[in-house]
Structures are given as structure tokens and as C-alpha cells.
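Working notes, structure below.
Values in this text are rule-based calculations from the coordinates and carry no lab data. Quantities reported herein were computed from a predicted structural model and do not represent experimental measurements. As a convention, Cβ positions derive from the backbone with ideal geometry for all residues, glycine included, and neighbour counts pool all protein chains shown.
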Amino acid sequence: MTDDSPRVGITTTQRIGPWAVTMYRPIGFAAGGPQEIRVKPADDGDPQEIARGISSTVLRQIVTATPGELARQASEEGALDDLSATLRQMPRGLSDEYLAFLSAVYVRVVEVGKRAPIQDLEQVTGTKQATLKGHLRAARQRGFLTKVEGKAGGQLTDKAEEVLKRVQPPGGTDAKNAN
């Protein structure tokens, strides 16, 4: 297929710095990423930046999610906002309730694709990153959060789920349903 061939599908373009990123998905291509990605200098791109070439930072910023996936992420981020509001209102201390909720918010932050979950938790809670890392370590040690070697993540354990069922967050919403 040549560049000028008409295609049946969806073509989207996004601008990242001096680059124009064009992605193509054929009609009916519901799952996975785009079938084709082209990165070219934008017409009004800074020539000095273009001369440096395409960096790995530019490539990491390409959003390959489908519109449906983006909508799903937005709804998940709404659930994250609900959990975060509850977490901010909880009494401080390493209670089972606090650790279960912190674990739930942490898992959700990782699930929605945040690259620096501890930084996001710091913004949500107003608690320093080093303290949060200690709290997450305590959550793992006390059996609320599983461990993933070498990277951010983990899953809520049955013990965490049981605590979340018992906790009634402000506003009257069942904590389990918010997760």
C-alpha cells in the first residue's frame, strides 16, 4: 500500500513537541494498538528540536489507546477521585482501614497507567513519598497488598477486600463498590 492509497479506517493525529504523530486503525480493528504509526516533523516544528531527532521521551508520550479505552480510563479516574477523597478524610495512623484504603488507591493509580504512583499518592494525601513508601511496605507486611518484584504494582488481597467491605466512607458509598 502506498502513502497515497485510500484506506478505510480511522486515522488520528497528535502533536508531541515538534513532531506530528499519525496513527491508523483499520475499520473493525477493535482491540490492541494502532496498525501503523508515523512520526514526522510538524510543519511548524522547531528546526533545532527536529535536528536532535525523535527521542525515547517523545515515543513514550504517544497515546495509542482507542477512544473507548480513553473513556474507560476516565471513568476509572473518577473512581480514583472517590477513593482519594475518602483516603484524605481518614484519620492518620497505620490502622487496617487506612492501609486497606491506601492500598486500594495505590492499585487504582497503577491500573490507570500512572508512571509515578507514589508521586500521585503524595499529591492526593499530602504525605511525603518516603512516608508513603513505608506505609505501602507496612500494607504488604500486614497482608493488604501483594508485591511485584522490581516495579510498581500489586493487587489487593482478600484481607484488604474484607476491610474495605466494613469501612463506610464519608458520603455513604460502599468502599467495595468504589473500587
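Give me the one-decimal nm value for the distance between modelled label points at Tyr24 and Ala42, 7 Å along each residue's Cα-to-Cβ direction.
Inter-label distance under the simple model: 2.3 nm.
Ala138 to Gln35: extension gain in nm, 0.36 nm per residue of separation minus the Cα-Cα distance? Working shown, then result.
On the way: separation 103, 0.36 × 103 = 37.08 nm, distance 4.34 nm.
Gain in length upon complete extension: 32.7 nm.
What net charge do the residues around Ala42 carry, taking every other residue with its C-beta under 11 Å from that of Ala42, with Lys and Arg at +1 and Asp and Glu at -1? Please report the intermediate quantities before stating the final value.
Values: positive: Arg15, Lys40; negative: Asp43, Asp44, Asp46, Glu49.
Residues close to Ala42 contribute a combined charge of -2.
Pull up all non-local amide H partners of Ile16: gap of 5 or more, or a different chain, and H-to-H distance under 5 Å with H placed in the peptide plane.
For Ile16, the qualifying residues are Val21.
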